[in-house]
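In what follows, a single structure is set out as structure tokens and then discussed.
No lab work stands behind these numbers, since they all come straight from the coordinates. All values derive from a computational prediction rather than experimental measurement. Quick reminder, even Gly has a Cβ in these numbers, built from the backbone with ideal geometry, and neighbours come from all protein chains shown.
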Amino acid sequence: MRRTGRERAPLPRCLQTGDVIHATLVISLLLGVWCAQGLEVSTGKVSFVEAMNGSTVLLPCTYASCIGIKNLYFNWHYNDNGTMNRLCEGMIPSEGIEPRVYVYHERVDFVGSSKINNISILLWNVTYEDEGEYVCFARNPKEKNRNHSAIYRLYVVGELKEVDTTLTTIIVSVVGGVIGLIIVVMVVKALVLNFVLKDQDKNKECLVSSSGNDNTENGLSGAKGDDKATPKA
């Protein structure tokens with residue numbers, strides 16, 4: 001049986017519907033991949049700090065979740081040659097609610113806040129024995145207990161190294177000298193142009209004045225000659 005054009009008309013509609021479904025699936029998959037990353041904790045772009053013996057140091061840690069948190073559990077541990085010594089732990093009921101924190105080290109203070117997704121701690125009166133790895137850990141039951149951790153390294157020194165700023169000073173001096181020279185040249189150029197323009201204006205005034213005087217003298221002499229009376233016989 002021969003098919004007419006009308007019978008084939010619905011085909012483009014089916015293709016359009018299929019394209020929409022395909023695009024929806026792709027977007028869903030992309031969103032799923034993005035959310036699959038789940039809970040993440042981070043100690044920042046720099047994962048270590050150098051502190052002087054006897055000083056106070058901040059051990060930073062933040063968390064993030066694409067679907068939010070509920071009863072987020074977190075803790076800090078110090079890696080003492082393979083033995084994990086717990087420093088503190090706490091739980092955040094939900095976003096924006098401050099956690100109840102338990103501290104197990106006399107020189108540790110919790111300074112984080114759930115309002116900024118921060119679970120950082122302070123370590124007071126640092127000693128050489130405090131040097132090593134500090135682990136920040138978090139677990140989110142809302143993401144089927146997905147967990148993540150980040151390591152922060154502490155180095156303790158007797159005195160902080162002085163940064164050699166000789167090269168920086170030289171560069172700043174050279175750049176400052178070049179800028180100053182450019183400014184002086186521009187000022188001198190402006191003054192020279194000003195003097196040249198004034199000199200040109202004076203020359204123009206002199207030429208105009210001189211030309212006017214010559215014309216006046218010529219006119220007066222001619223007028224006097226015409227006014228002379230004819231001598232009587």
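Length gained on full extension, K142 to N85, computed as 0.36 nm times the residue gap minus the Cα-Cα distance: 17.8 nm. Placing pseudo-labels 7 Å out from each Cα toward the beta carbon at Y102 and E40 gives an inter-label distance of 3.1 nm.
Between V187 and L167, how high is the FRET efficiency from 1/(1 + (r/R0)^6) when r is the Cβ-Cβ distance and R₀ = 22 Å? Nearest 0.05. It comes to 0.10.
Here the 3J(HN,Hα) profile of the range 41-50, calculated from phi with Karplus coefficients 6.51, -1.76 and 1.60 at θ = phi - 60°, is 10, 9, 9, x, 5, 9, 9, 8, 8, 10 Hz, Gly and Pro shown as x.
Neighbours of M91, meaning other residues whose beta-carbon lies under 12 angstrom from its beta-carbon, give a summed charge of +1 when Lys and Arg score +1 and Asp and Glu score -1. For the range 40-157, the convex hull drawn through the C-alpha positions has a volume of 91 cubic angstrom per residue. Protection proxy ranking of 54-64, 141-151, by the mean of other Cβ atoms within 10 Å over each peptide's residues and highest first, is 54-64, 141-151. Calculate the spin-label point distance for N203 paired with V178, positioning each point 7 Å from the Cα along the beta-carbon direction, and give it in nanometres. Between V178 and N203, the label points sit 3.8 nm apart. Simple spin-label estimate for C66 and D109 gives 3.8 nm between the two label positions (7 Å along the Cα-to-Cβ direction from each Cα).
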